[in-house]
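Below: the structure, in structure tokens.
The values are calculated or read from the model by the stated rules, or taken from the named source; none is laboratory data. Just so you know, these numbers come straight off a predicted model, no measurement behind them. No Cβ is skipped: glycine too gets one built from the backbone with ideal geometry, and neighbour counts run over all protein chains shown.
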Amino acid sequence: MADTSTPVESMPVRVFGGPTALFEYGGLRFLTDPTFDAPREYPVPNGLLTKTAPAAAAPADLGRIDVVLLSHDQHPDNLDESGRALLAGVPLTLTTPGGGERLGAGARGLADWESVDLDRPGGGTVTVTGVPALHGPGAREEVEPFTGQVVGFVLTGRDLPTVYVSGDNASLELVGQIAERFGPVDTAVLFAGAPRFTRLFDGALIVLDSAQAAEAAKLLGARRVVPVHYDSWGHFTEGRDELVAAFTDAGLLDRLDLGERG
């Protein structure tokens, strides 16, 4: 179990827009779902995805990246062209089993509950466990043919806080399963934004909305929640104001951390 006396404030999280965030953990630098393209449109099977704002920094400004935590590689709002180029210079990308095959050298897929130990610069290891995520409503066999495999991550280590990165997950049931195994969580990087498409699942949510993000925080016993994946894209239907309102209504505003921008 993690040392819950470790202050979460000692692990700042830089957010860049969309699902992309950077944090240092156990001496290693982790980047989530890299998206650094300029605003543009991307054709997808159900229409267009529109990026509405640039990232708050460029890849060249990030410094060393040791590991990319990539929830999935199929959608440009989680891995765009600049993000793919960035992967070539990163020693390790952890992602879905299918993504590990598609991305090739430097990528490793993690199945649900599968773990990998990473060497820390000062000795010891960081354990990264792949945890289940579901990119839409319903059963996995009904969702994945349309939105593909997605994976979340839990990071643990001796004398380190527990960190959860949700990926594009819409299932509070799965959050509950993760909480049973790893809770309480110190920092939860929760993908939110309430994205919907009228042609996909009858407009149902394909990632958590703001109220569900607050409920996820409760389930996880999270001391801090850093939301990502709620701005910079046209298909997100809720943003910062809705997150603040939802966490206020849930009595959890003191746990909401909007991260360090850029």
message: Just the residues that are closer than 24 Å to Ala88 by Cα and either without any contact (Cβ under 8 Å) to a residue 60 or more places away in the chain or surrounded by 21 or more Cβ atoms within 10 Å (Cβ to Cβ) (or both), please, taken from region 126-153.
response: Val126, Thr127, Val128, Thr129, Gly130, Gln149, Val150, Val151, Gly152, Phe153
statement: Checking Asp77, Asp112 in turn, the sole residue that is in a loop (DSSP other than H, G, I, E, B) and touching a residue at least 60 places away in the same chain (Cβ under 8 Å) turns out to be Asp77
- request: For region 148-162, indicate whether the set of residues that are modelled with pLDDT under 95, under 28 Å from Ala194 (Cα atoms) and polar (S, T, N, Q) is non-empty.
  value: yes
query: Restricting region 174-233 to residues that are at positive phi and not small (Gly, Ala, Ser), which is farthest from the chain's Cα centre (by Cα)?
result: Asp202
Considering residues of region 216-262 that are without any contact (Cβ under 8 Å) to a residue 40 or more places away in the chain, β-branched (Val, Ile, Thr) and outside any strand (DSSP E or B) only, the residue surrounded by the most Cβ atoms within 10 Å (Cβ to Cβ): Val244
- prompt: Any idea which of (1) of a type outside the set (Asp, Glu); (2) assigned to a helix (DSSP H, G or I); (3) in contact with a strand residue (DSSP E or B) (Cβ under 7 Å, 6 or more places away or on another chain) is the one Ala179 doesn't satisfy?
  reply: (3)
- line: A careful count of residues in region 141-176 that are in contact with a His (Cβ under 6 Å, 6 or more places away or on another chain) and part of a strand (DSSP E or B) gives 0
- line: Counting only residues in region 91-109 that are in a strand (DSSP E or B) and under 16 Å from the mean Cα position of the chain (by Cα), the one surrounded by the fewest Cβ atoms within 10 Å (Cβ to Cβ) is identified as Gly109
